[in-house]
1. Could you say whether any residue in the range 106-118 is within 28 Å of residue 25 (Cβ to Cβ) and either in a helix (DSSP H, G or I) or touching a helix residue (DSSP H, G or I) at 6+ places or on another chain (Cβ under 6 Å) (or both)?
2. Take the residues of the range 29-38 that are assigned to a loop (DSSP other than H, G, I, E, B) and surrounded by fewer than 10 Cβ atoms within 10 Å (Cβ to Cβ): which is modelled with the lowest pLDDT?
3. Is it fair to say residue 75 is surrounded by 11 or more Cβ atoms within 10 Å (Cβ to Cβ), assigned by TED's automatic domain parsing to the domain that holds residue 106, over 42 Å from the mean Cα position of the chain (by Cα) and closer than 22 Å to residue 105 by Cβ?
4. Out of curiosity, is residue 25 in a loop (DSSP other than H, G, I, E, B) and at pLDDT below 90?
5. For residue 5, state whether it is modelled with pLDDT under 80 and either within 21 Å of residue 126 (Cβ to Cβ) or surrounded by 13 or more Cβ atoms within 10 Å (Cβ to Cβ) (or both).
6. I'd like the full set of residues that are surrounded by fewer than 16 Cβ atoms within 10 Å (Cβ to Cβ) and either at pLDDT below 85 or closer than 18 Å to residue 57 by Cβ (or both), limited to the range 86-95.
7. Can residue 84 be described as within 15 Å of residue 113 (Cα to Cα) and part of a helix (DSSP H, G or I)?
8. Only one of 41, 63, 18 is in the same structural domain as residue 113 (by TED's automatic domain parsing), in a loop (DSSP other than H, G, I, E, B) and modelled with pLDDT of 80 or more; which?
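The values are calculated or read from the model by the stated rules, or taken from the named source; none is laboratory data. A quick note: this is a predicted structure, and the numbers were derived from the prediction, not measured. Quick reminder, even Gly has a Cβ in these numbers, built from the backbone with ideal geometry, and neighbours come from all protein chains shown.
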């Protein structure tokens, strides 16, 4: 195509090229550079007023001039002319169904039903929007920030000191617990010794009383 436009394959002939696209961003940049195309004309999708004119053109001879097409035009506004023409063609089927075969023309209601059905059809062709939502972008930024965050040196030293103090406190608590258990065992032993001494003392007193009674 480039060779044809540049005249490499079309010398001695006069060719007028008209190129159309709904996705100009997908055209190779070399194709649309200045000097290769004489004019680039942007055509916006039809608004409601333009859509109504197109409806009447495509439905010429079947749509009464007095039909109010404002709601239909508003529904089809923003769609390409091919979609508007197809909506008019489908409206003829609605007209046949509503008039039980005695078609005298296409009514606004037939066009409206067709336009709404066309909208549903075009929704199937719409590419899904995979862009992240604002909330998803915020969470991604937050995760990225946290993954890259570094702890200040002073805070790092403080954390290490706290860990050391906690370890020392745990060691001291364990030692204190062992000493308490040893003291408890010592107290138990002393209690047993005191009981034994008390019993021996009672026995000596009893023996002494027996001896005194025999002497007297």
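1. So in the range 106-118, the residues within 28 Å of residue 25 (Cβ to Cβ) come out as 118.
Among the residues that remain, those that are also either in a helix (DSSP H, G or I) or touching a helix residue (DSSP H, G or I) at 6+ places or on another chain (Cβ under 6 Å) (or both) are: 118.
Yes, the conditions are met somewhere in the range 106-118.
2. Going residue by residue through the range 29-38, those that are assigned to a loop (DSSP other than H, G, I, E, B) are 33, 35-36, 38.
Applying the additional criterion that residues be surrounded by fewer than 10 Cβ atoms within 10 Å (Cβ to Cβ) yields 33, 35, 38.
Values: 33: 78, 35: 74, 38: 77.
Per the criteria, the residue is 35.
3. no
4. No.
5. Here the answer is yes, as residue 5 does meet what is asked.
6. Once the filter is applied, which keeps residues that are surrounded by fewer than 16 Cβ atoms within 10 Å (Cβ to Cβ) and either at pLDDT below 85 or closer than 18 Å to residue 57 by Cβ (or both), the range 86-95 yields only 89.
7. yes
8. Numbers: 41 fails: in the same structural domain as residue 113 (by TED's automatic domain parsing); 18 fails: in the same structural domain as residue 113 (by TED's automatic domain parsing).
The unique qualifying residue is 63.
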